[in-house]
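Asks: This is the structure I want to talk about, given as structure tokens.
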Amino acid sequence: MKIGEFDACTVSDGDFWMDGGAMFGVVPKPLWQRLMPPDERNRIRLATNCLLVRRGGDIVLVEAGLGRRFAKKHREIYGITDDVTLDTSLRAAGVEPEAVTHVVLTHLHFDHCGAATVRTDAGIVPAFPNARHIVQRREWEEALHPSAATDTSYDQSLLLPLDEAGLVDLVDGDVEIVPGIRTEIVSGHTPTHQVVHIESGGDVLVFVSDLMPTSYHVRTHYNAAYDMHTAENLLNKLAFLDRAAAGGWRLFFYHDPEVVVATVEKTANGRFAVTPLDGQ
């Protein structure tokens, strides 16, 4: 799709399966299973919709997927296959990994940064050796020194090769990556979870990441149990959706296997309705 002067497309790192109850928090199963039917193990299918944005010499990748450095046990738990990978998706879009200039990581949970490094005969190395990797400083520190509440969410082995290669740019607060692409902290899922705005020629696309993992999460109380600060995420989500509806923003959903891009409208009862825009 076009966002003003930018060309943008989805590049996938494949689907995986997560516990449906965990993805919908306090919402009872009879409600959420109508939207995303679970398998016999109560898992729902999730996507890894990374966003590739290009303009001139700037090639920006937002999010870096799952990666494939999983033991057989974890591959089975999450239903991970090699049918689609970020590397093959990028090449299909005409982009070699060496050409990527920036990788923006909204946060550092393993399913968002796993393909930023790859295993080779020489060891684990950065997948995008010429890219600056944009990470919030507090998120980086939490990932390297997790608490008892977060130690299962982060994998330092995915991150240290980036630091050792000098490719990490730690930032504090909202920043502009290149003209027209900026980050904004919208906290709750993690303390410095960030969304990414792409703006040009009056068009706005926002990569919302785990603020709303799927388009169903625009509903007020549909929030993942993985949110570190659930109430904060809920309130920040609603404030963000007010702005998105008023501004006519397009929203990009990282984990939704069906609806990747949509607009939202605030209804008369104060809720939000989604209009999918896939296929633009």
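Asks: Taking the Cα centre of segment 68-137 as origin and charging only Cβ (+1 Lys, Arg; -1 Asp, Glu), how large is the dipole, in debye to the nearest 20?
Replies: 280
Asks: At 1.4 Å probe size, with every protein chain present, just tell me what the per residue accessible area of the chain comes to in Å².
Replies: Result: 42 Å² per residue.
Asks: Can I ask one more? Once you order the gyration tensor axes a ≥ b ≥ c over the Cα atoms, which shape class does segment 121-171 get: rounded for a/c under 1.5, otherwise prolate or oblate by comparing a/b with b/c?
Replies: oblate
Asks: When a/c is below 1.5 the answer is rounded, else prolate if a/b is larger than b/c, else oblate, so apply that to segment 130-199 with a ≥ b ≥ c taken from the square roots of the Cα gyration tensor eigenvalues.
Replies: Cα axes put segment 130-199 in the oblate bin.
Asks: Here is a follow-up. Leaving out ligands, DNA and RNA, and with a 1.4 Å probe, what % of the accessible surface on segment 1-151 is carbon or sulfur?
Replies: 52
Asks: GNM on the chain, C-alpha springs below 10 Å: top fluctuator among Gly202, Gly247, Gly173?
Replies: So, out of Gly202, Gly247, Gly173, the one fluctuating most is Gly202.
Asks: Can I ask one more? Starting from the Kirkwood radius over alpha-carbon pairs of segment 152-280, derive D by Stokes-Einstein at 37 °C in a medium of 0.692 mPa s and give it in µm² s⁻¹.
Replies: It comes out at roughly 208 µm²/s.
Asks: Moving on. Using the Cα centre of the chain as origin and beta-carbon charges of +1 (Lys, Arg) and -1 (Asp, Glu), tell me which of Thr150, Val196, Val27 is placed farthest towards the positive end of the dipole.
Replies: After comparing all options, I get Val27.
Asks: Per DSSP H run of at least 4 residues, take -39500 (n - 2.57); add these up for the chain, divide by its residues and hand me the 222 nm value, nearest 500 deg cm²/dmol.
Replies: -5500 deg cm²/dmol, from helical runs alone.
Asks: Considering only DSSP beta bridges whose two residues both sit in the chain, what percent are antiparallel, to the nearest 5?
Replies: If we restrict to bridges inside the chain, about 75 percent are antiparallel.
Asks: Something else now. Could you name the lysines whose alpha carbon sits less than 30 Å from that of Lys29, not counting residues in the same chain fewer than 8 places away?
Replies: Straight-distance partners of Lys29: Lys72, Lys73, Lys237, Lys266.
The values are calculated or read from the model by the stated rules, or taken from the named source; none is laboratory data. Model, not experiment: these values are computed from the prediction. In this analysis, Cβ positions are derived from the backbone assuming ideal geometry, glycine residues included, and neighbour counts consider all displayed protein chains. Keep in mind that these areas ignore ligands, DNA and RNA; they rest on the heavy atoms of the full protein, side chains included. Shrake-Rupley method; radii C 1.70, N 1.55, O 1.52, S 1.80 Å.
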